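The values are calculated or read from the model by the stated rules, or taken from the named source; none is laboratory data. Here the structure is a predicted model, which is why all the values come from computation and not from measurement. When we count neighbours, we look across all protein chains shown, and the Cβ atoms used for this are built from the backbone with ideal geometry, even at glycine. In case anyone asks, the SASA skips ligands and DNA or RNA and just uses the protein heavy atoms, side chains included. Shrake-Rupley method; radii C 1.70, N 1.55, O 1.52, S 1.80 Å.
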Amino acid sequence: EVQLQASGGGLVQAGGSLRLSCAASGFIFDDYCIGWFRQAPGKEREAISSIGSRDGSTFYGDSVKGRFTISTDNAKNTVDLQINSLRPEDTAVYYCAGDLGNCPLVIYEEYFNHWGQGTLVTVSS
């Protein structure tokens, strides 16, 4: 059974940083697309980043480009998201999602069949 678990969220002040992790199990980790999404209360789910194992290509949403960095740790079967220069508007539940194969150029929610529970990031001003 494919399982994903996001972790690493917390409460930080504006300008701070966190490192989020997505732990994956139950599928072949060298042929995957892992995406990160976030959702604030009352707002739609937003695609923020992804990475594909076949070519190492990455995607970043415009709102986080230059501040967030996605990476893989194959030894740990995790995909990490370093989130820097945080702003109050970054406050959301952050979800990781996965599926087999390479990522599309721009990720979207319906592409992914497997989802973790999410981890809460709260940024205070």
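Scanning the stretch 82-112 for residues that are within 23 Å of ARG54 (Cβ to Cβ) and in contact with a Leu (Cβ under 9 Å, 6 or more places away or on another chain) returns GLN82, TYR95, CYS96, ALA97, GLY98.
For the stretch 44-82, the set of residues classified as assigned to a loop (DSSP other than H, G, I, E, B), over 18 Å from LEU4 (Cα atoms) and free of Cβ contacts under 8 Å to residues at least 40 places away in the same chain consists of GLU44, GLY56, GLY61, ASP62, SER63, VAL64, LYS65, GLY66, ARG67, listed by residue number.
Evaluated against (1) open to solvent by less than 20 Å² (accessible area, probe 1.4 Å); (2) within 24 Å of GLU1 (Cα to Cα); (3) part of a strand (DSSP E or B), VAL123 falls short on exactly one condition, (2).
Here's the yes/no breakdown for (1) open to solvent by 40 Å² or more (accessible area, probe 1.4 Å); (2) closer than 18 Å to GLY116 by Cβ:
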site: ILE34; (1), (2): no, yes
site: PHE37; (1), (2): no, yes
site: PRO41; (1), (2): yes, no
site: ASP55; (1), (2): yes, no
site: TYR60; (1), (2): yes, no
site: THR69; (1), (2): yes, no
site: THR72; (1), (2): yes, yes
site: VAL79; (1), (2): no, yes
site: TYR94; (1), (2): no, yes
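The residue of the stretch 16-31 that is least open to solvent (accessible area, probe 1.4 Å), among those that are of a type outside the set (Phe, Trp, Tyr) and more than 17 Å from ALA92 (Cβ to Cβ), is ALA24.
Selection of first residues in the stretch 95-115 that are under 17 Å from ARG38 (Cα atoms) and of second residues that are open to solvent by 80 Å² or more (accessible area, probe 1.4 Å) and assigned to a loop (DSSP other than H, G, I, E, B), restricted to Cβ pairs under 8 Å at least 6 apart or on distinct chains, gives the following pairs, ordered by first then second residue: TYR95/GLN117.
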